[in-house]
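One structure is given here, and the rest of the page talks about it.
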Amino acid sequence: MQRVRVSSQQAAVHKLGDSQMTLSPKFRLPAARSTITDHALDFDNSLTGEPLIPGFPDDVALQCLLRVPVDQHTSCKSVCKRWYSLFGSKERFFTLRKVLGFHDPWLFVFAYHKCTGKIEWKVLDLTHLSWHTIPAMPCKDKVCPQGFRCVSIPHEGALFVCGGVVSDVDCPLNLVLKYEARKNRWTVMKKMVTARSFFASGVINGMIYVAGGNSTDLYELDSCEMMDPKNGSWSPVSNMRTHMASYDSAVLDGKFLVTEGWFWPFYVVPRGQIYDPMTDNWENMPAGLREGWTGSSVVIHGNLFVVTEHERTKLKVYDSGNDCWEVVEGPPLPENICKPFRVNCWESRVYVVGRNLHVAVGYVVENYEIATGGNGKKGGRFCVRWETVDAPGSLFDLTPSSAQVLFA
């Protein structure tokens, strides 16, 4: 059906795309339109009479084209002028996806080259299982990738990179960078109060927290600070009860869990702290929680899971009632997922990115008896099933330093 604009006057009625309704090249949405689809179809009205896909209404065609994987955009631009207009701008493409309600998960991996140390971000489209690259971060060249801490606000499509350390002089940074998936660009934010590296980070109620880490004089810190992402301002909160750098951290039940982590061989028992933002107070982590935290963590439906690094890379879950860990039923991490690996999650899926950026996807199911078809086999509270997404050869020499899930 042809879309027309109804006029209350007797003036001529114009079709969408009429030259009298041409927008500026910067793509601005009109102040008032009738439907969401009208907003989307207005992305290039100057190309009158040229359908997006011959034989399809533009609104249906646009729904199809907005599902094209990012790694195919370059070749799609050469199809016609309207496709060039759609695929030639990442900001335009993802703005239209947002207008039309697309909300798919993407796995953003902060990686570095094993030989040169050069850092870059690679993105795995979890729907099409294809990889693409985003613009380089605006930071110093000689940095230690492991010294940064990355956090994300997934449903806002926002990613934050904080701190870090200059590798040739061991100088911690108070750098803060923000990446927005819709705009496909980085923004330099206000600096942290304290320069730090190898610290803990997490998001609680939309606020970003950082704690501990190494200072400019290479001593461990006990300070903690909080950032409001809306205005980028940092403010200090209560100090931890001990000075320590962080191996891993998690947000569980609205509290910030920070662990020093095990180091092989196990000479000393690790330290751990828990911060409650409601009381602005730190307390020592229970012994069972900190002693069994032997890997990288994710929180799924209010439960803390760890992909272990020392126990045949099994997945285990924390039992807060008994202050102990139990092994999740199922196989260990696939053998081609080599350390060092980085972990994140979405819904009931665990994403483990290993060396060369091979990815293991763990499907976590509650109640093992149900998961095995109710055959009466007794098991733990959870079970896991792993699948592997092999990375292309072009990513062979990359090692992950962080993995974050964003929606776009």
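The values are calculated or read from the model by the stated rules, or taken from the named source; none is laboratory data. Values in this document were obtained by computation on a predicted structure and should not be read as measured data. Cβ: placed from backbone, ideal geometry, glycine included. Neighbour counts: every protein chain shown.
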Top-ranked residue of the stretch 119-138 - restricted to ones that are in contact with a Pro (Cβ under 8 Å, 6 or more places away or on another chain) and of a type in the set (Val, Ile, Thr), ranked as surrounded by the most Cβ atoms within 10 Å (Cβ to Cβ)
Ile119
List the number of the failed condition for Pro172; all other conditions in (1) touching a residue at least 60 places away in the same chain (Cβ under 8 Å); (2) buried (at least 17 other Cβ atoms within 10 Å of the Cβ); (3) within 30 Å of Thr308 (Cβ to Cβ); (4) not hydrophobic (A, V, I, L, M, F, W, C) hold.
(1)
Whichever residue in the stretch 39-63 is closer than 20 Å to Ala181 by Cα and at pLDDT 90 or above and, among such residues, is surrounded by the fewest Cβ atoms within 10 Å (Cβ to Cβ)
Gln63
Strands (runs of 3 or more DSSP E) within the stretch 326-408 that include 1 or more residues out of contact with any Gly (no Cβ under 7 Å at 6 or more places or on another chain), of a type in the set (S, T, N, Q) and at pLDDT 95 or above:
342-346, 382-389, 398-407
Please specify each residue of the stretch 304-325 satisfying the condition of being in a loop (DSSP other than H, G, I, E, B) and either touching a His at 6+ places or on another chain (Cβ under 6 Å) or within 12 Å of Gly362 (Cβ to Cβ) (or both).
Thr313, Lys314
Considering each residue of the stretch 241-276, count those that are within 27 Å of the chain's Cα centre (by Cα) and either part of a strand (DSSP E or B) or of a type outside the set (Phe, Trp, Tyr) (or both), and give that number.
22
Taking the stretch 380-397 on its own, how many of its residues are hydrophobic (A, V, I, L, M, F, W, C) and within 28 Å of Phe93 (Cα to Cα)?
3
Is it the case that Tyr84 is surrounded by fewer than 20 Cβ atoms within 10 Å (Cβ to Cβ), aromatic (Phe, Trp, Tyr) and in a helix (DSSP H, G or I)?
yes
When you look at Met227, is it part of a strand (DSSP E or B) and surrounded by 20 or more Cβ atoms within 10 Å (Cβ to Cβ), yes or no?
yes
Across the stretch 285-320, the tally of residues that are touching a Gly at 6+ places or on another chain (Cβ under 7 Å) and surrounded by fewer than 19 Cβ atoms within 10 Å (Cβ to Cβ) stands at 1
